[in-house]
1. Using alpha-carbon pairs under 8 Å, 6+ residues apart, how would you state the relative contact order of the chain in percent?
2. Assuming R0 = 30 Å, can you tell me the calculated FRET efficiency for the pair residue 156 and residue 57, based on Cβ-Cβ distance, to the nearest 0.05?
3. Sort out the exposed loop chymotrypsin sites (Phe, Trp or Tyr not before Pro) in the chain (DSSP loop, at most 13 other Cβ within 10 Å) and tell me the longest stretch that has none.
4. Which length gain, in nm to one decimal place, applies between residue 73 and residue 25 when the Cα-Cα distance is subtracted from 0.36 nm times their residue separation?
5. Using the Cα centre of segment 3-123 as the reference point, and only Cβ charges (+1 on K/R, -1 on D/E), how large is the resulting charge dipole? Debye, rounded to the nearest 20.
6. Residues with beta-carbon under 15 Å from that of residue 107, excluding residue 107: net charge, scoring Lys, Arg +1 and Asp, Glu -1?
7. Considering only protein heavy atoms and a 1.4 Å probe, what is the carbon-and-sulfur percentage of the accessible area of segment 57-107?
8. With semi-axes √(5λ) of the Cα gyration tensor in Å in mind, check (i) 39, 21, 16; (ii) 66, 11, 10; (iii) 34, 21, 18 and report the label derived from this structure.
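The values are calculated or read from the model by the stated rules, or taken from the named source; none is laboratory data. What you see is a predicted model, and the numbers here were worked out from it, not measured in a lab. As a convention, Cβ positions derive from the backbone with ideal geometry for all residues, glycine included, and neighbour counts pool all protein chains shown. In case anyone asks, the SASA skips ligands and DNA or RNA and just uses the protein heavy atoms, side chains included. Shrake-Rupley method; radii C 1.70, N 1.55, O 1.52, S 1.80 Å.
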Amino acid sequence: RRFQTLSETASEALNALADELLGRRVKQLEKDASTMLVRTAHKHSVLSEIRVDPKTYRYAVYNRNGNPAPVGRSTGEKNLLALCLVHAIRKAAGSGLPLMVEAPLRVLDPVHRSSVLKEILCQYPGQMILLLTPEEIPDEWAPVIRDRVGRKLFLIRDGREEEEVST
């Protein structure tokens, strides 16, 4: 009976500790995602904070007054939010993980493209794979990117529409 009581007490203590650690990790995730959002979105009054429910892991976006941000988002805003969350998750997981992103800039306007490139290049100096089209790279960033690239691969579609073949 004493052993069972001790086991239950230990189990409750471990569960409480796990909840506390999860809460801390979620708070850090929210902070990192929100910081990236403010740096890239340029809509501080409308989009300034990302909150994550620690039970469901659903996120919500809030304005600087702490009120929920409007739900309807453009494709560019959705991409920015996704990049912010990926950034925060990667940071929580440890800096050794590589980042691979396909066409992160395609739907962004030139101002947001520059902001995202600046943040991505500053935050991820190590392993990073960006799959970009030439149209996605703002002219002023081409030399910066060229200086940081370790290796370039070019995919060229062969032109036949009935087959999706790239070389």
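1. 16 percent
2. Taking R0 as 30 Å, the efficiency between residue 156 and residue 57 is 0.15.
3. By the stated rule (loop sites, at most 13 other Cβ atoms within 10 Å), 58-153.
4. 14.6 nm
5. 520 debye
6. Value of the local net charge: -1.
7. Of the solvent-accessible surface of segment 57-107, carbon and sulfur hold 54 percent.
8. (i)
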